[in-house]
Amino acid sequence: MTASALTGRPESRSRRVPLAGALRGTGVAGHASAVIIVLAAFVAVFGRWLAPYDTVDPNPVLAFVGPVGGHPLGFDFEGRDVLSRLLAGAQTSMIGPLAVVAISLLIGIALAVASAWRRGAVDATVSAGLGIVFAFPGILLAVLSTAVFGAGLPAAAIALAVAYIPYVARVLRGAALKERSQPYVAALEVQGVSGAAICVKHIIPNLSSLIVAQATIMFGWAMVDLAAISFLGLGVQAPTPDWGVMISENAVGIQQGYPLPALAAGACVIIVVIAFNVLGERLLERSGS
Amino acid sequence: MSSPLLEVSGLTVTLPAGTVLRDVSLSLGAGEALGLVGESGSGKSMTVKAISRLLPPKAAATGSIRFDGTEVGALSGPALRAFRSGVAMVFQDPRAHINPVRRIGDFMTEALRAQGVRRGEALARAGALLSEVGIGDAAARLRQFPHELSGGMLQRVMIAAALLTEPRLLLADEPTTALDVTTQAEVMAILDELRRERGMALLFITHDLELAAAICDRTAVMYAGQVVEVRQSDVLHDDPLHPYTAALAAARPDISRTEPRLRAIPGRPLSAFEAPPGGCAFAPRCEFAEEACRTAAIPVTELDGGLTRCVRATALRGQLAVTHG
Amino acid sequence: MTRWRFLARRLAMLVASLLVASFVIFSAVQVAPGSALSALTGGRALPAASVAALSARYHLNDPFFEQYWYWLDNVLHGNLGTSIEWRENVTTLMRSLAGTTAGLVLYAAVIIVVLGVGLGVASGLRPGGWLDSSVLVATAVSAAVPSFIAAMVLIAVFAVQLGWFPPLGNGSGFGDTIWHLTLPAVALAVSSLAIVARVTRAAVREEAGREHVQTAVSRGIPYRHIVSRHILRNAAIPITTVAGITIASLIAVDAVVETAFSINGLGSLLVQAAEDKDLAVVQGISLVLVAAFVVINLVVDLLYAVLDPRVVLGTAAR
């Protein structure tokens, strides 16, 4: 029994995300990853203006020309500057995963906490339901939904988000259950605080470090899945510069001996995904789960 | 007197973090029970690990450990395996020390089968031993998994398994610490009875002085990686030779008396690598300490049939007796 | 809970999963913008007779759940409808491609299990060695490489540059097919292999440090028995789970790899049909893939229960 429990003020365990020193304990790799992520985000926002050359108009004469002065990565299959296309492409490559993570987290947290709070029949139903819905791999659901609603980023992103919900809900439900059985929750209940208030003001904030860690990891997965879907031609559509689209449209160059545009786009995806994976794993370790 | 079954001389063990055992010496005759008592960090578990060749890979050991006259550290191959079947070990937490995905019968007969005994016969012997330790319906138990048995039963299984190879020495590392008091008494009774029946030597590790006295002929007390006293168990409690032993005995609350305040030893127990290089490790907490205690290395003194590592032992005779008044 | 109740429960969940999945796949037609009919025709103009045939076949004038029932009934009899694009029976279309896809996934699965578990065990048993360090570095990088990018790199290096493997196509005849499918299988397996190797390594290291292994050592059990009966046997639990999950996930990623290597398989047909809005084909292939996914997950669960007796029998101490 802690002193605060005796005085009546509940002491909730502090596992909230610290704002200052948010990266503490993530090590060199974690910090380096954070830098990459921030850079990627920056380019995602300002990429189109940072791009030195035009990213849309085709220039067939220059197709697949190698790196020359001012064009460090050469030209793509339609004669456009690869570096500029990459910078501009960061936007759709990062916005899609952001939407996927946001949607699946929103719904997943709600399901997890509600189910953990109510326990009993509600919990059993939700768990069983989630177990059943787990059957749909993300990419498959995205393909299905683009067949129905037409190809494009929104349909793919929403489908992917729906496919991720069971995973988020399962992970957070476990943590929420543990949190719910903490003594401070009982103390709050006894004081007459409503279930919803306890969930929103105490349980969820105390899960925040786990949530942030999971969100980071999932961002990486979503990025890979969405790039794959765009690669298939079912997500972002050409001529929008998107890294997944760029890989697919420049793939023909590989067989002709001009691998640079496709591989450069691939490298961008890999670097950013690694950064998210590494940071996410470090955050997960630190959150103590 | 015949040579002792187990003889440890001058055992010093160092880990990268520091020294954990310092010049430890023990001897144990065949059929004899020796208790090894100490608090956490005193080095008692490490001593047992050294004897059974289970030290962590980064540990460096010097000194001598002789079992039945043979130097244990030099053993390898079939000789080492023979040693392992002659010296059996019972561990503290049975649930952690038994493979949870294999059946009890499998666990018990593993050592025998590795020696070439046929499965059927090994199981029969295991069943017989289970009955000896007081577990009924042995056949059913042998087919069960560890998670289906309670902690007390698992510990009895562990003891039975240890006895299957008919060892001459049993090392018991706090076998009852993880159990509740009633089960503890039962397991202790079984250990004692089996030991006497088989004429087996027993090295019994515990932090409880009285528990050791209950079944061991002699008791050795360890502090900060050294043996500070070895004495006949029946006199150790009331007539200790070393101030630490006296303090330990006095600190244990006696159910039959009322005291105004629990007697604790001031300070906290030191582990071996916190001990100062020169002088007695217990000196900072000892009410009888003098200048001589803090400087020179303390030799072992023989006194009244026991051994003690205290320079003032002779001077303190009679003053260390635990008085109840 | 006995083994049979556990099995029954899992099977019930399997059936429920399949039903829900089939319902979602079926509803795709209904929730499509426009009418169900326009979804089925993919917006194409068809002669009236064909339209009537479609309406009758899908019972489009009947209530929703009756439509579902007829559709499900057809599916269970192996009748998956007709492709609008190819004018052929969906089942026929799929049958000829199923072998290639199954072969590719199996090939990748073998690579994952043999190499992933093998490397993981080897490095887990000798922590700190040169193999251990190399495995750690290699897997850290390759775990993040998505299959389609791995495909591009493999084509660039091994097909175009070195010419050791063909860059695309199915190949004909057994040996030729294996040769054609090697790069795709590797692309499919790369990131999963890395994950399996890491988890295996971690599991082996953890089990090697457990107290029950100490007990076995203290009893003089030979090292090879300790490794096989205690370390590997116990590590098999998390290893099987992770291997099973990654292999199951291959089913979805397979579509991407088939497209990257221009392989004619169920996956590439699925993508093509999605672009063409050939819903019957999309539904048919989705059903099969989801069913495969669910079945693999069930097998993993059952294996887990077999390997870990604590799961089925519960943890009641007597």
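Please treat every number below as a calculation from the coordinates, not as lab data. As the structure is a computational prediction, the values presented were derived from the model and not from experiment. A quick note on method: Cβ atoms are made from the backbone with ideal geometry, for glycine too, and the neighbour counts reach across all protein chains shown.
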Working from the alpha-carbon coordinates of chain C, get Rg over Rh, Rh being the Kirkwood radius. 1.07
Which percent, nearest 5, of DSSP beta bridges in chain B are antiparallel? 60 percent
The ³J(HN,Hα) series, computed from each phi in the stretch A:202-215 with the Karplus coefficients 6.51, -1.76 and 1.60 at θ = phi - 60°, rounded to the nearest Hz and given as x for glycine or proline, is 10, 5, 4, x, 6, 8, 4, 5, 5, 4, 4, 4, 4, 4
Around A:G25, with a cut-off of 12 angstrom between Cβ atoms, what is the net charge of the other residues, counting Lys and Arg +1 and Asp and Glu -1? +2
GluC sites (Glu not before Pro) within the stretch B:199-306: DSSP coil, no more than 10 neighbouring Cβ in 10 Å: B:E287
Taking every residue of B:90-103, the Cβ atoms of other protein chains inside 10 Å of its Cβ average out to 5
Cut-off under 5 Å, modelled amide H: who pairs with B:L36 long-range: B:F204, B:I205, B:T206, B:A220
Can you put A:V252, A:V272 in order, fewest other beta carbons within 10 Å first? A:V252, A:V272
Per-residue average of Cβ from other chains inside 10 Å of A:147-153: 6
Of the residues B:L112, B:S27, B:S9, the Cα lying farthest along the dipole of the stretch B:1-148 towards its positive end, which is defined by charges on the beta carbon of Lys, Arg, Asp and Glu, belongs to B:L112
Under a 5 Å amide H to amide H cut-off, with H placed in plane at 1.01 Å, what residues pair with B:Q144 once short-range neighbours are removed? B:I104, B:G105
Quick one: helix B:181-198 against the long Cα principal axis of chain B, what's the angle to the nearest 10°, folded into 0 to 90? 80 degrees
Under unit Cβ charges (Lys, Arg +1; Asp, Glu -1), what dipole magnitude, rounded to 20 debye, does the protein assembly as shown have relative to its Cα centre? 900 debye
Placing +1 on each Lys and Arg Cβ and -1 on each Asp and Glu Cβ in the protein assembly as shown, then taking the dipole about the Cα centre, the residue among B:V72, C:I112, C:N170 whose Cα reaches farthest towards the positive end is B:V72
Volume per residue of the C-alpha convex hull in the stretch A:110-220, rounded to whole Å³: 110 Å³
Can you tell me how the stretch B:141-216 classifies by the Cα gyration tensor, rounded, prolate or oblate, using a/c under 1.5 as the rounded cut? oblate
What is the dipole size for chain C, taken about its Cα centre, with +1 at each Lys and Arg Cβ and -1 at each Asp and Glu Cβ, in debye to the nearest 20? 1420 debye
If you average the alpha carbon positions of the stretch A:137-188 and of the stretch A:216-289, how far apart do those two centres end up, in angstrom? 21 Å
Average partner coverage of C:139-151, which counts Cβ from other chains inside 10 Å: 6
Highest to lowest packing among A:54-66, B:132-144, A:222-234, scored as the average C-beta count within 10 Å: A:222-234, B:132-144, A:54-66
Could you tell me what a quarter of the Cα convex hull surface of the protein assembly as shown works out to, in nm² with one decimal place? 50.0 nm²
Cα-only Debye scattering, the stretch A:41-195: base-10 log of I(q)/I(0) at q = 0.08, 0.16, 0.19 Å⁻¹: -0.43, -0.93, -1.09
So how far, in whole Å, is the C-alpha centre of the stretch C:217-264 from the one of the stretch A:64-89? 42 Å
What whole-number volume per residue, in cubic angstrom, does the convex hull of the C-alpha atoms of chain B give? 147 Å³
State, to one decimal in nm², a quarter of the convex hull surface area for the C-alpha atoms of the stretch B:1-123, i.e. the direction-averaged projected area. 9.6 nm²
Compute for the stretch B:230-325: radius of gyration divided by Kirkwood radius, i.e. Rg/Rh, restricted to C-alpha atoms, rounded to two decimals. 0.97
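What is the order of C:V153, B:V181, A:V38, fewest Cβ neighbours within 10 Å to most?
B:V181, A:V38, C:V153
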Which Cα, out of B:V230, A:V38, A:C268, lies furthest along the positive dipole direction of the protein assembly as shown (beta carbon charges, K/R +1, D/E -1)? B:V230
Taking placed amide H atoms and a strict 5 Å upper bound, the residues 5 or more places from B:V24 or on another chain that come that close are B:G10, B:L11, B:T12
For the stretch B:129-142, Karplus-derived ³J(HN,Hα) couplings (6.51, -1.76, 1.60; θ = phi - 60°; whole Hz; x for glycine and proline) come out as 5, 4, 5, 4, 8, x, 9, x, 6, 4, 4, 5, 4, 5
Which ³J(HN,Hα) values, rounded to whole Hz and listed in residue order, are derived for the stretch A:249-258 from phi using the Karplus coefficients 6.51, -1.76 and 1.60 in 6.51 cos²θ - 1.76 cosθ + 1.60 with θ = phi - 60°, glycine and proline given as x? 6, 9, 4, 4, x, 4, 6, 8, x, 10
Using the C-alpha gyration tensor of the stretch C:205-318, what are the square roots of 5 times its eigenvalues, in whole angstrom, with the largest one first? 44, 17, 8
With charges set only on the Cβ (+1 for Lys and Arg, -1 for Asp and Glu), what does the dipole of the stretch A:28-287 come to about its Cα centre, in debye to the nearest 20? 940 debye
Note to self, chain B gives a 222 nm [θ] from helices alone (DSSP H runs n ≥ 4, -39500 (n - 2.57) apiece, / all residues, nearest 500) of -9500 deg cm²/dmol
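When each pair of different Cα atoms in the stretch A:28-287 is counted once in the 1/r mean, what is the Kirkwood radius in angstroms, to one decimal? List each step's numbers first, then the result.
Details: mean 1/r = 0.0500 Å⁻¹.
For the stretch A:28-287, the Kirkwood estimate is 20.0 Å.
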Residue-averaged [θ]222 nm for chain C, counting only DSSP H segments that reach four residues, each worth -39500 (n - 2.57): -23500 deg cm²/dmol
Please arrange C:H212, C:H77 by counting, for each residue, the other beta carbons lying within 10 Å of its beta carbon, fewest first. C:H77, C:H212
